[in-house]
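In what follows, a single structure is set out as structure tokens and then discussed.
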Amino acid sequence: MSEIRIMRIGHRPSRDKRVTTHVALSSRALGASSVYVDTKDPELEEVIKGVVERFGGDFTIKTGVKWQDAVKDFDGIVVHLTMYGQRLDESLPKIPVDKDIMIIAGAEKVPAEVYQRADFNISVGNQPHSEISALAIFLYAYTGGDSLYSDRGGKMTVVPNERGKTVVDNT
């Protein structure tokens, strides 16, 4: 499958820290290779790097990235998740799985230019909901959830079970 990158637009560190953290964590868990955030936020970078260090994988985060530059330098398909786009179930079959994709997830009203630049403007439902849920649903539908239970070679591994918490220390 192709490489999946996430571009987070409109991050406000004082207000969106938890939401953007969850955008990054959901992206990582569901198969993305990286997340870019438009606002510089070293604390956010450290939190996500810490998760990758403990649980493994090759996921990267970079903050302070202008979305215009990220999209301009990207050689692949740009998918913008918006409540006002085309239906996910109708658009998904049209997105090539053999090309890299960049998914734009906004925090606040995104510039009109994003809609024009995107190859696909996709809605995940037609009711108000969070960008975290839209991203998770899209990634699950696009990847089939293949990475949810993958071993990423981390220092820690969570073992699913019916009751209780099982965490294996691999160090």
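Just so you know, all these numbers are worked out from the coordinates, no wet-lab data involved. What you see is a predicted model, and the numbers here were worked out from it, not measured in a lab. Neighbour counts are summed over all protein chains in view; Cβ atoms, including those assigned to glycine, are modelled from backbone coordinates with ideal geometry.
Grab the DSSP H runs of the chain that are 4 residues or longer, score each as -39,500 (n - 2.57), total them, divide by all residues and round the 222 nm result to the nearest 500 deg cm²/dmol.
Working: 6 runs with 60 residues, N = 171.
After summing the helix terms and dividing by residue count, I get -10500 deg cm²/dmol.
Among 109-115, 56-62, 3-9, 93-99, what's the highest-first ranking by average C-beta atoms within 10 angstrom per residue? Before the final figure, lay out the partial values.
Values: 109-115: 13.3, 56-62: 17.0, 3-9: 22.7, 93-99: 10.9.
The packing order, highest mean first, is 3-9, 56-62, 109-115, 93-99.
In percent, how large is the relative contact order of the chain, given Cα pairs closer than 8 Å and 6 or more residues apart? Walk me through the intermediate numbers first.
Values: 312 pairs, mean separation 49.1, N = 171.
The normalised contact order for the chain reaches 29 percent.
Would you mind checking Lys49/Lys165; Lys17/Lys62; Lys49/Lys155; Lys17/Lys40; Lys17/Lys109; Lys66/Lys109 for any pair whose Cα atoms are more than 20 angstrom apart?
Working: Lys49/Lys165 23 Å; Lys17/Lys62 15 Å; Lys49/Lys155 13 Å; Lys17/Lys40 12 Å; Lys17/Lys109 17 Å; Lys66/Lys109 16 Å.
Pairs exceeding the cut-off: Lys49/Lys165.
Just to confirm my numbers, what's the Cα centroid distance between the stretch 1-62 and the stretch 110-146 in Å?
If you average the Cα positions of each part, the centres end up 16 Å apart.
Under 19 Å Cα-Cα from Lys94, which aspartates and glutamates qualify once same-chain neighbours fewer than 8 residues away are excluded?
Cross-link targets: Glu3, Asp75, Asp119.
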